[in-house]
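Have a look at the structure below, then the notes.
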Amino acid sequence: MSRHLIIDGYNAIGKIRELEAKKDISLEASRMHFIKILVDFMAQNRSFDKISIVFDSKDKDIGVTKDSYGRVEVLFATRDKDADGVIVDILRGASSSERITVSSDDNFIRNHARVYGREVMPISELKNIIMLKKKRTGSKIEEKHLEGETLRHINEELKKHWGLK
C-alpha cells in the first residue's frame, strides 16, 4: 500500500517559524528551503513513499505545473485553480488503496480530506516529523555500567525483539 503525504504549501510556510523567517529573503527562498527539508526528510525516513507539496502560483498558464525532487513532488496551481482545488482533485482521483495523509490547518482542506476518508495532520505535527534536528550528544546522558545477569537479560530481550532467537 502506497503512503502519500500531501502538504498545503503556503499554509505550512506560514506556520513553521524556520520557513516563515526565510520569507524575509524571498518567498522562493522559503519554498526552496522547505523543499530541501522535505528531500532530506525523505532520504532519512520511510514513513511516506511520496510527498506532494502544493502551492498557489501567479502563472498565467492553465492547469498545474510540476517539479520533482526524487520522491518529493512540487505542484504549482495556476490561473484556473488554486492550491486547495488541486489538493481536492488529488483526493478525488486517488485510489482507495493509497494511504493518504493531508497536512494543513485550513478547515476547507481538512474537511475535504475527511470526506474522502483520508488522515489529517496538523502543521505542528508535520513540523515535528520533518525537522530533523540533531540531538546534542553527551550533555545529559549518563553512562551506566551493566554487569552479569542484567546485561544477559537485556541482550536476550533484544534478540527476541529483533527476531534473532
Open item on the list: Can you tell me which of (1) charged (D, E, K, R); (2) surrounded by fewer than 13 Cβ atoms within 10 Å (Cβ to Cβ); (3) in contact with a strand residue (DSSP E or B) (Cβ under 9 Å, 6 or more places away or on another chain) is the one Arg3 doesn't meet?
Closed with: (2)
Task: Scan of the stretch 92-124 for residues that are under 16 Å from Ile53 (Cβ atoms), assigned to a helix (DSSP H, G or I) and out of contact with any helix residue (DSSP H, G or I) (no Cβ under 6 Å at 6 or more places or on another chain), ordered by number - done: Ala113
Task: Residue tally, condition touching a residue at least 24 places away in the same chain (Cβ under 8 Å), assigned to a helix (DSSP H, G or I) and not basic (Lys, Arg), over the stretch 1-42 - done: 13
Task: Pairs, first farther than 10 Å from Ile6 by Cβ in the stretch 75-100, second surrounded by fewer than 18 Cβ atoms within 10 Å (Cβ to Cβ) and of a type in the set (Asp, Glu), C-beta under 6 Å, six or more apart - done: Ala77/Asp56; Thr78/Asp59; Thr78/Asp61; Asp82/Asp56; Ala83/Asp56
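None of the figures in this text is laboratory data; all of them are computed from the coordinates on show. Everything numeric in this text was worked out from a predicted model, so none of it was measured. In this analysis, Cβ positions are derived from the backbone assuming ideal geometry, glycine residues included, and neighbour counts consider all displayed protein chains.
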